[in-house]
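J.: Below you'll find the structure I mean.
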Amino acid sequence: MNIENTFSSQEKLDKILIKHKAVLLYFRTNSCVVGETVEPKVNKLIDTLFPKIESFSVDMNISPDIAAKYFVFVEPTILVFFNGNETIRKSRNFSVFEIEEAIKRPYQFIFE
């Protein structure tokens, strides 16, 4: 897993979305206890069941322009991109099981 707290520019994120077939962006802030609690569980899920997804953490306080571009205004928010297209969006109240179920089918299409 590749965890990066902030992107220096939108251009860097755009390159990542082009380079990788599957990308998960975890939007959070350090002031959100729920986001801090859920993030390690999501990371473990991705590492265990979906290892071909590149995962990045985006601190909304450091990169508000990236959050705004993707219309992310609540935390935590997860965006999953397949082939550069946003495929999954989960915000605020979601379970790890819900994320797993949402990722399964598109992941199988792309990688299996």
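J.: I'd like the Karplus ³J(HN,Hα) series for segment 24-40: coefficients 6.51, -1.76, 1.60, θ = phi - 60°, whole numbers in Hz, and an x wherever there's a Gly or Pro.
T.: For segment 24-40, the Karplus-derived couplings read 10, 10, 10, 8, 7, 9, 6, 8, 9, 5, 4, x, 5, 6, 7, 3, x Hz, x marking Gly and Pro.
J.: After finding the eigenvalues of the alpha carbon gyration tensor for the chain, what semi-axes result from the square roots of 5 times each, listed largest first in whole Å?
T.: 20, 17, 12
J.: Further question: Lysine pairs in segment 10-111 with alpha-carbon atoms under 18 Å apart, 8 or more places apart or on different chains: how many are there?
T.: 16
J.: Using the count of nearby Cβ atoms within 10 Å as a rough guide to exposure, how do GLU39, GLU75 rank from fewest to most?
T.: GLU39, GLU75
J.: Which trypsin sites (Lys or Arg not before Pro) in segment 17-112 sit in a loop by DSSP (not H, G, I, E or B) and have at most 10 other Cβ atoms within 10 Å of their own Cβ?
T.: none
Read-outs throughout are calculated quantities, based only on the coordinates presented, and are distinct from any laboratory measurement. Keep in mind it's a predicted model, so treat the numbers as computed, not measured. Every residue, glycine among them, receives a Cβ derived from its backbone with ideal geometry; neighbour counts consider all protein chains shown.
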